[in-house]
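Comments concern the structure below.
The values are calculated or read from the model by the stated rules, or taken from the named source; none is laboratory data. For clarity, every value in this text was computed on a predicted model and none was experimentally measured. A quick note on method: Cβ atoms are made from the backbone with ideal geometry, for glycine too, and the neighbour counts reach across all protein chains shown.
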Amino acid sequence: MKMIIPPPLDTPPAEKSFVQDFVLLLTNQLRVTLNTLKHQRKRTFIGMGILMIVFLSFLISMGAISYGMLKSMQPETVQGFLSLFFLVGLASQIFFGLTAAFAALYMSEDLELLFMAPVPLRVVFAVKTVSVLVSNLLVAFLFVFLPGVFCGLLFEAKASYYLLVFLSGCGLWLSGTALAELLNLLVMRIVPPHRSKEAVGLMGGLAGVLIALVFQIPGMMLGSQGNLDIGTMLAGKEQLIHVMNFFPWGWGSLALTSGITDSFATGLGWSLLILIFSAFLFLIALILLERGFRQGFISISQGDGGRRRKKRSVSSVDTTNRQQEKIFFGTVGQEQEAVVLPASTWAGMWAVAKKDLLTLKRDTREWFSYLIPLIIMAFFVVQFLFNASASSVSSLVMVLIMYTIMFSGNLALQAFGREGESDWLLNSVPLAGWPVVWGKLTAAVLPTLLLMEALLVGTSLAVGVSTSLTLILALAAIFLSLGSSAIGLYYSIKNCRYNPDKPQMRISPSASLMMYLINFCFILILGLSLCYLFPPAELVSALRMLPSVTFEWNVQSGLLSGLYFLSRPLFWPALFRISLGILLTGGLWSLIFFGFMAATVRQSRKGFRVELVTTSKNRLG
Amino acid sequence: MERVLIRTNRLTKRYGSVPVVNDLNLEVRSGEIFGFLGPNGAGKTTTIKMLTGLLDPSEGEISICDYDIRRQPTQAKALMAYVPDQPKLYNKLSAREFLHLISALYRVPKGIAKERAEQLLGMFGLMERADELLEGYSHGMRQKVVLAGALIHQPKVILLDEPTVGLDPASARLLKDILQEMARQGAAVFVSTHILEIAERMCHRVGILKDGMLIAQGSPEELRQKVGHGGESLEDIFLELTGVRENAELIKSLEEE
C-alpha cells in the first residue's frame, strides 16, 4: 500500500469550548460503558439480576421499618432522624466515593492519553468526576433522596417540598463526592502508583467489612433492646441534634423540615447553602487535583509518585557493579567444570516458602485476607461476651476450631494462584515435587497457624477453659491446620487461576466449594475416630439402650450392623479403646495429610499451570 | 535556517532534593530526527513526560513550535503527538472507534478524520480487525494503533518512547520510513531508543543523557570526533561516553574465548 502521510500542520486548529470538549469525553466514556455491557457474558447479567432482587428485598424491608419509625415520631424528632440519615449517607458517600475516585483519577489507564490531548485538564477531571458521582448515586439515593421522599409522603407535603428534596439531595450528593475527591488527594499522595491495586483491594475489603457491620447493626439493636426504635433514642438528644445543624447534613434536614412546615423560602435557603458549599468544595478539589498532577505531587503511571529517593554516589555504585561483574565472570571461568552443583532440598523448600512469606508481608491485600476472618471471628467473641453461658463456651471453642480448619484450607487454596504470571519460574527450576510443595505448605501454614493459635489460646484462656484442654486444643489445631492446608494445596495446584484485574481471584469457585466439602468430610472422619479417645457421655448412654443387631443381606441391615460394630469399641476397657482411638485418628490424619500432599507433589512434578482469566477477552499473544 | 520546534532551556526535574533531569538544553529543528539515548534510569522518560506536558518541570522552560507547554498547553499539544513505550488504550473501544476519538480530540474535521483513519488502518494492516475491541489485540498491534493515532492529526512534532518494542520487522521498517517521510515534510521527530543501530541509521543528531545530564549531542560523526576514535559504531561511542566501556570490553573478551 502506498504511504500517504499528510503534511504537518503549521498552526493549531481552532480551540473548542469547555462544553464541546466535555461532551466529547463524556460521549466516549458512555461508548466505553456501552461496549463493556455489550461484551458481558450472559451469566454476569443473571448474577446482576439476582443481586438486584436481593437488594430490592432489603430495600423494601428497610423502607417499611423506616416508614414505621417515622410514623411514630414527633416532627422535631424527624429532623434529628433525617440529620442522622444524611450523616450516614455522607460518610458512606465519602467512603465509597474515595474508592471510585481513586480508581477513576489514579488507576485509570486513559489518563496519560487524555492529559496528552489538547483538552484542558479541568475537562478531563470534570468527566472523571461524573463517573465518581454516578458511582455515589446509589448511596445518595438510599440515604438522602429516599428518606426525603418518605418524609414528604408521611407528612403529606406539597409538591414544592419535593423540589427541596431534589436540591438538598443534590447538594449532599455533590458534597459527599467532593469530600471523597479531596480525601482521595491524600490517598493518592500516600499510595505510590505501583501499589495502587493493593490500595483498591484494601479499600474494597474495608467496604465489605463496613457493609457487614451495617447489616449487623439492626440485629444487634434488636437483640439488645428488643425493638428497633431510633425515635426513642433521639428523643432525649436535643443538644446533639442542635450541634448537627451546623453541618451540611443538619442543613439538609433543616431544609426538609422547613418544607414540611410550609416554610418553603427557609427550606430553599438551606438547600441553596448546601449547593453553594458543595460547589465550593468541588472548586477546591479540582484546583488541587490539577496542581497535584501537573507538579508531580501525584504521579499517574511511572516514577516514584513524588516520593523522595535516596541519592547514592554514582561512582561507588559503578565500582560495586564492576567488582561484582568481575567476581561473577571470574567464578564462571574458574568453575566451568562443575556444571551442576548439588542443591539442598531444604534450601529449595525454604526458598519457596520465603518467597511466599515475603509476598504476604509486602502485599497489603494479603494482610486483608487474614483480617476479614479475624473480624468475623471477633463477632463471635463479642456475641459470647454479651451472651456468656456455660454451653456457649463449648460452642465458641467449636467455632474457633472449625474456623481454624476452614481458614487454613482457604489460605492454602491461594498458594499456587499466587504465582500468577510467574508460574513458569517454579516449573522451570529443578525443584518440582516435595521441595515446592513443602515450601508452599510452610508459607501457607506458618502465618495462619500463628494467628489462629494465638486467637484460640487467647480466647480459651479468656473464657475460662482449663489449661490442659487449652493445650490439647492448641495441639489439635496444629494437626487440623496441616491436614486442611494439604487439602487446600491439592485443590490449589489443580485449579489455580490468575486475573490481572482482580489479583485476589486465585481459584475457581467450584474447586473452592469442593475443598470446603472435603474439609467437612475430613473433620467428620476425625470426629468419629476422636469419639474413641473422648467418648461423649450422651452417645454412650444412648448406645447402651440399643438392642443387639443381627446381620442380614440388605443395605439397611448392612448400615445398621456397620454402625453397631463401629460403636462396640466404646465399651472396651479404656486402654484398648484409647489405643484404638490414637491409632485410628493418627492413621486417618496421616492418610489424608500425606495422601493429599503426595497427590500435590505428583502434580507439581508433572508441572502446574496458572490459568489466566480476565474479566475481558484474552489478549492475543 | 530551519525553525526550532522543540526547545528546552535549563530544564530540571527534582523529586525531593534528588535531580532526575538536570539543566537540560535541547534544540530539535524542523526536518530533523533526534535520537535521545541513555542508560536505564538516565531520565529519558521523565524528559519526554515534561516535553509532552504530562509532568511539570521543577525549573526551566519548554517550548513546542514556539508555544510554552506550561502557559499554552492546548496549542502546543495540538501540534504534537506522543507514542509511549506502553500502549495504554481504551480496551473497550475498537481500533476504528479509537482513531475517531483521537481525531475528535485533536479537532480534525469529521470527513477528513474518517478518510484518514481508513488510510492509516490499511497502512498498518489493521483493516480486517478494525472493528474488534482493542482488548483482543497483541502488544504489537496495539503499538500500531497508537502510531496510527499519533499520525492522524498531522503533528508538527512527534515524540516516541521506544517505538519499535513489540513491532515485527516489517512494521518497524514501516515506522522508520514514516518517520523519515515526516521529517522530510518538515516535522521534528524526537525518538528515545535503546536500539543504537536504529539511532545511527535514522537520526540526524543524537543526544546522550546520563544521570539526568546531557553529556553529549551532535551527529554520529561529530560524536566520533569528540570521543577521538574514527570509524567506531554509535554503540562503542555510547558505551565510552556513558562509562560502561569496561563492560563492553569484558563481554568482548568473553565472546573471543
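Each row is one residue, and each column tells you yes or no for (1) more than 30 Å from B:Q143 (Cβ to Cβ); (2) modelled with pLDDT under 90; (3) more than 14 Å from chain B (Cβ to nearest Cβ).
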| position | (1), (2), (3) |
| --- | --- |
| A:S590 | yes, no, yes |
| A:F596 | yes, no, yes |
| A:F608 | yes, yes, yes |
| A:K617 | no, yes, no |
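Conditions (1) surrounded by 22 or more Cβ atoms within 10 Å (Cβ to Cβ); (2) among the aromatic types (F, W, Y); (3) assigned to a strand (DSSP E or B), marked per residue:
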position: B:I6; (1), (2), (3): yes, no, yes
position: B:P39; (1), (2), (3): no, no, no
position: B:I102; (1), (2), (3): yes, no, no
position: B:A117; (1), (2), (3): yes, no, no
Region B:152-177: number of residues that are buried (at least 22 other Cβ atoms within 10 Å of the Cβ) and either within 20 Å of A:M116 (Cα to Cα) or modelled with pLDDT of 90 or more (or both): 9
Return the pairs, sorted by first residue and then second, in which the second residue is of a type outside the set (K, R) and modelled with pLDDT under 85, the first residue lies in region B:87-101 and is within 12 Å of B:G136 (Cβ to Cβ), the beta carbons are less than 7 Å apart, and the residues are 6+ apart or on different chains. B:N91/A:S616
Any chance you could count how many residues in region B:102-115 are under 23 Å from the mean Cα position of the chain (by Cα) and either more than 7 Å from chain A (Cβ to nearest Cβ) or of a type in the set (S, T, N, Q) (or both)? 3
Please go through region B:87-101 and give me each residue that is more than 8 Å from chain A (Cβ to nearest Cβ) and within 19 Å of the chain's Cα centre (by Cα), ordered by number. B:P87
Quick check on A:P569: is it surrounded by fewer than 16 Cβ atoms within 10 Å (Cβ to Cβ), modelled with pLDDT under 90 and away from every other protein chain (no Cβ under 14 Å)? no
Reported set for region A:482-535 where residues are more than 14 Å from A:G595 (Cβ to Cβ) and of a type in the set (S, T, Y) is A:S492, A:Y498, A:S508, A:S510, A:S512, A:Y516, A:S529, A:Y532
Note on region B:119-135: residues part of a helix (DSSP H, G or I), within 16 Å of A:E109 (Cα to Cα) and within 7 Å of chain A (Cβ to nearest Cβ) are B:E135
By residue number, the members of region B:36-53 that are in contact with a strand residue (DSSP E or B) (Cβ under 8 Å, 6 or more places away or on another chain), more than 21 Å from A:M116 (Cα to Cα) and either more than 13 Å from chain A (Cβ to nearest Cβ) or among the polar types (S, T, N, Q) (or both) are B:L37, B:G38
Within the set of pairs 6+ apart or on separate chains, which have a first residue in region A:27-39 that is facing chain B (nearest Cβ under 7 Å), a second that is loosely packed, with under 11 Cβ neighbours inside 10 Å and in a helix (DSSP H, G or I), and C-beta atoms under 6 Å apart? none
So which residues in region A:26-78 are buried (at least 17 other Cβ atoms within 10 Å of the Cβ), at pLDDT below 80 and part of a helix (DSSP H, G or I)? A:S66, A:M69, A:L70, A:T77, A:V78
If you go through A:S468, A:S508, A:S541, A:S484, the only one that is out of contact with any Leu (no Cβ under 8 Å at 6 or more places or on another chain) and crowded, with 21+ Cβ neighbours inside 10 Å is A:S484
Meets criteria (more than 21 Å from B:M213 (Cβ to Cβ), hydroxyl-bearing (S, T, Y) and at the interface with chain A (Cβ under 10 Å from one of its Cβ atoms)) for B:Y15: no
Test result for A:V445, surrounded by 17 or more Cβ atoms within 10 Å (Cβ to Cβ), modelled with pLDDT under 85 and either under 24 Å from the mean Cα position of the chain (by Cα) or among the aliphatic types (A, V, I, L, M) (or both): no
Condition check for A:V132: among the β-branched types (V, I, T), without any contact (Cβ under 8 Å) to a residue 60 or more places away in the chain and either away from chain B (no Cβ under 14 Å) or surrounded by 22 or more Cβ atoms within 10 Å (Cβ to Cβ) (or both): yes
Scanning region B:56-94 residue by residue, those touching a Gly at 6+ places or on another chain (Cβ under 9 Å), under 19 Å from A:L111 (Cα atoms) and not in a loop (DSSP other than H, G, I, E, B) turn out to be B:P73, B:A76, B:K77, B:M80, B:A81, B:V83
B:M1 passes all but one of the listed conditions (1) within 11 Å of chain A (Cβ to nearest Cβ); (2) at pLDDT below 90; the exception is number (1)
Filtered residue count, region B:1-23, keeping only those that are closer than 22 Å to B:A187 by Cβ and in contact with a Pro (Cβ under 9 Å, 6 or more places away or on another chain): 2
Restricting the search to region A:247-262, which residues are modelled with pLDDT of 85 or more and in a loop (DSSP other than H, G, I, E, B)? A:F247
What residue, among those in region A:7-25 that are assigned to a loop (DSSP other than H, G, I, E, B) and exposed (fewer than 14 other Cβ atoms within 10 Å of the Cβ), is nearest to the other protein chains (Cβ to nearest Cβ)? A:P7
Across region B:178-232, what is the number of residues that are outside any helix (DSSP H, G or I), among the basic types (K, R) and within 14 Å of another protein chain (Cβ to nearest Cβ)? 1
Does B:Y90 satisfy the condition of being touching a helix residue (DSSP H, G or I) at 6+ places or on another chain (Cβ under 9 Å), farther than 27 Å from B:H194 by Cα and surrounded by fewer than 20 Cβ atoms within 10 Å (Cβ to Cβ)? no
